[in-house]
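A short write-up of the structure that comes next.
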Amino acid sequence: MLSRKNKLLLLKLLSLFSIVRGYNVLVIVLAQYLAAIYIMAPDLPLRKVVFDLSLFVIVLASALVIAAGYIINSFYDSEKDLINKPRKTMLDRLVSQRTKLSTYFVLNFLSVIFASYVSFRAVLFFGAYIFGIWLYSHKLKRIPFVGNLVSATLAITPFFAVFVYYRNFEAVIFVHAMFLFLLILSREMIKDMENIAGDMALDYKTIPVLFGTRYSKITISLLVVLALLPAFLLIEIFDVGYMYLYFIMAVVLLVVFLVLMWKSTSKKHYVWLHNILKFIIVSGVFSILLINVDLVLNRIL
């Protein structure tokens, strides 16, 4: 049996894991490695990519900055989250604001130290990334659409770090990135509709608050339609192996998403829509394996 002190420590660790969205960070780490193996450096031997110490440091630094970003975002949004996500917020409040800030600075400091192993340019890159996340959390997220745009940009920045490292400028990478960016931007705008109660209470100037949900739905519809274009290119034009099956599924789900969105009227509906987009994004990570099935089978067998 755990003592009361140990139980409290365990709860605080769970709280910290919840604050840094540990599951999201793990998915991003996996996505960076899969993107490096199958998209950024498909011609390099698997062992050379997986055991590349510089790549590992880049991925590790990215994970630390992302975790720190979730902490600072939680720090600034504590009151809003109490309205929008009361259960999660009660768990998160087991960790004090002082501990959050201390952890935030430690994680960012470590990320810069690790980045220095790669190069001074990597230090500048991650320094700018840290500043961008802070500026978004402190100021930019309250600006309609600009906040959504910056959030989506920050979300794909870890993949940009891997992209720059391998210096692979093939068109297929930019098309992949555009598809992911538009999905994430759509998800950010759905989250604004989902969190409208807290945004209104704390005077956040989001698009649903200023212009209403109908205007938000029109904007999201345009973004989803735009996302169908890179999906079509990846199905018909570019060689993505069996991953074309994923993009076909994504197109079908996006059409379903649009139909359901125009029928949605409550927070519960918007949560479902958010989950549909999240499923498309996360399943896309694992679908990267379909680009080269032979490589996967060879490693398994």
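Observations
- Of the residues in segment 251-269, at least one is within 26 Å of SER78 (Cα to Cα), part of a helix (DSSP H, G or I) and in contact (Cβ under 8 Å) with a residue 12 or more places away in the chain.
- Set side by side, the residues LEU91, LEU107 differ, and just one is over 29 Å from LEU289 (Cβ atoms) and at pLDDT below 85, which is LEU91.
- Here TYR70 clears all of (1) modelled with pLDDT of 90 or more; (2) closer than 22 Å to ILE173 by Cα except the condition numbered (2).
- Of the residues making up segment 106-161, those that are surrounded by 21 or more Cβ atoms within 10 Å (Cβ to Cβ) and of a type in the set (Ser, Thr, Tyr) are SER111, TYR129, TYR136, SER137, SER151.
- Restricting segment 53-71 to residues that are within 20 Å of VAL123 (Cα to Cα) and of a type in the set (Val, Ile, Thr), the residue that is surrounded by the fewest Cβ atoms within 10 Å (Cβ to Cβ): VAL57
The values are calculated or read from the model by the stated rules, or taken from the named source; none is laboratory data. Computed from a predicted structure; not experimentally measured. Note that each Cβ is placed from the backbone with ideal geometry, even for glycine, and that neighbours are counted across all protein chains shown.
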